[in-house]
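Inspection log for the structure reproduced underneath, given as C-alpha cells.
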Amino acid sequence: FEWDSGKHGPATAVTAVEVMEHVTDPLAFVDTCLRETGADSFLFTQYLHDGTADPSWWYLAPEAGQHISFYTAPTLRTLANRLGMAYHSAGTLHMLTKRTFRKGAFARAVRFHRCSYPLLKRRLPRRWLQDHEQLVRRIRCASPAAPAG
C-alpha cells in the first residue's frame, strides 16, 4: 500500500501492522510518520507486555532477535502524551490520535468491525485479483520497453 502526498494530499491516518516491535525509537518513528504524511492518527498492531520479566513470553522471540521494543499500556499512554495525542486500545489494535472520541468508542468500533467483517466479506466482491492486475499494469507502464528480439 502506497501513499504519495503529491497525488493524495495529507493522509488521515498512518497504519503500522507488525511494525512497532521492530522500531528502536518509537517516539521519533511515530512523529516522523505523522509529520511526513500530515496525518493526525496513527493506528498500529501490538501485543502488550504485562510488565513482568517473564523470559518465556512467546512474543519476546529472542531466537529471532527481531522484536526489540515492547510496550505496556502505560508506556503507550506516555508516548501519546509526548506527542500531544490520546491513546485508545482495542485488544491488539491501538491508536494514537489528535482526534476526540468518547471513552470506549474506538474499542466498540473495532468490536463491531470484527463481528460484521465475516458478513461483509461474503457480500462484497473480492478485489485482490483486480488489485494485482492494476499493480502489474502500473509496473509495466513504468518499466522501459523490452528490446525486440
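The values are calculated or read from the model by the stated rules, or taken from the named source; none is laboratory data. All of these numbers come straight from a predicted model, not from anything done at the bench. Positions of Cβ are generated from backbone atoms using ideal geometry, with glycine treated the same way; all protein chains shown enter the neighbour counts. Side chains are part of the model used for accessible areas, which takes the heavy atoms of the whole protein and leaves out ligands, DNA and RNA. Shrake-Rupley method; radii C 1.70, N 1.55, O 1.52, S 1.80 Å.
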Response to the item:
Among F42, F101, F106, F70, the single one that is closer than 30 Å to Q134 by Cα and of a type outside the set (A, V, I, L, M) is F42
Worksheet item: Among the residues of the stretch 135-143, is any in a loop (DSSP other than H, G, I, E, B) and at pLDDT 80 or above?
Response: no
Worksheet item: Would a scan of the stretch 52-72 turn up a residue that is modelled with pLDDT of 90 or more and closer than 21 Å to T97 by Cα?
Response: yes
Item to complete: Please specify each residue of the stretch 99-109 satisfying the condition of being of a type in the set (F, W, Y) and either open to solvent by less than 50 Å² (accessible area, probe 1.4 Å) or touching a residue at least 60 places away in the same chain (Cβ under 8 Å) (or both).
Response: F106
Discussion item. Would you confirm whether or not the stretch 23-30 contains a residue that is touching a residue at least 12 places away in the same chain (Cβ under 8 Å), part of a strand (DSSP E or B) and of a type in the set (S, T, N, Q)?
Written reply: no
Worksheet item: Taking into account only those residues within the stretch 4-24 that are farther than 15 Å from F44 by Cβ and not hydroxyl-bearing (S, T, Y), which is most open to solvent (accessible area, probe 1.4 Å)?
Response: K7
Worksheet item: Across the stretch 75-98, what is the number of residues that are farther than 14 Å from S41 by Cβ, assigned to a loop (DSSP other than H, G, I, E, B) and touching a residue at least 40 places away in the same chain (Cβ under 8 Å)?
Response: 1
Fill in: Output for the stretch 35-74, where each listed residue is among the small types (G, A, S), without any contact (Cβ under 8 Å) to a residue 12 or more places away in the chain and surrounded by 13 or more Cβ atoms within 10 Å (Cβ to Cβ)
none
